Amino acid sequence: MTTVKTILNRLVSGDRTALAYAITLVESQNQNKRSLATEMVECANHLSKNWISARVAITGAPGAGKSCLLERLGMSLVRKGKRVAVLAIDPSSPTTKGSLLGDKTRMAELSRQTKAFVRPSPTNGWLGGVTRATGETVLFCELAGYDVIFVETVGVGQSEAAASHVTDCCTIVLSPNAGDELQALKRGVMELCDFFLVSKCDGDSISAANRLKSELLSASK
């Protein structure tokens, strides 16, 4: 029988299989697994490490380019010798409770790297742009020795604020064709963001991107 001590020892040594198993436990609805997960989190909170992970939330509307951005950022960090974890949060269907978990497919190259860990997780109806267990998942990634931990939120607008509570900084990604979407965002998650990033700034979108930059500067005052 797998014990908490065994899982944590493998986790601290950087075992990705143990990390995936630990995350599955904290995300599970099974009471027996939840009890094991609670014990694991309590033990993990008492462990100390010699490094501190950088925890970054990446938020923005669907289609803004969050996953493509993370693929590029992650690969750049991996090439510099850093260990990178990406926690991609996908929405769950209110009807079937299922989730496509498709963000990982847009990070195909990064997910193949031995220094990277890409984990898609369903919200299971949890609000705030993250899952119920995102905080614990970030903790486990820190214990596993990942230098940078990205949390890619669902991307639905104002309700993304919860992501800022489990990370050190928050970046919002906006596409040049955001339009009225900016008005919906600026009194919500934008107030909690540290960085604004305009994506897809090339070709025919350059003028629109510059206009959006001006709107962002005005809205952030």
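Bear in mind that the values in this text are calculations on the coordinates, not laboratory data. Bear in mind that the values here come from a model prediction, so they are computed numbers and not experimental data. Every residue, glycine as well, gets a Cβ built from its backbone with ideal geometry; the counts of neighbours run over all protein chains shown.
Given the pairs LYS66/LYS115; LYS5/LYS80; LYS82/LYS213; LYS5/LYS66, which span a C-alpha to C-alpha distance of over 26 angstrom in this model?
LYS5/LYS80; LYS82/LYS213; LYS5/LYS66
Spelling out what I want: for every residue of region 202-214, take phi, set θ = phi - 60°, compute 6.51 cos²θ - 1.76 cosθ + 1.60 (Karplus), and round to whole Hz; glycine and proline get x.
Running phi through 6.51 cos²θ - 1.76 cosθ + 1.60 with θ = phi - 60° gives 7, x, 6, 8, 4, 5, 5, 5, 5, 5, 5, 4, 5 Hz.
Take each of the peptides 191-202, 31-42, average the number of other beta-carbon atoms within 10 Å over its residues, and list them starting from the highest.
Descending mean neighbour count gives 191-202, 31-42.
With θ set to phi - 60° and the Karplus curve 6.51 cos²θ - 1.76 cosθ + 1.60, what are the ³J(HN,Hα) couplings of region 72-83 in order, to the nearest whole Hz, using x for Gly and Pro?
5, 4, x, 5, 4, 5, 4, 5, 8, x, 8, 9
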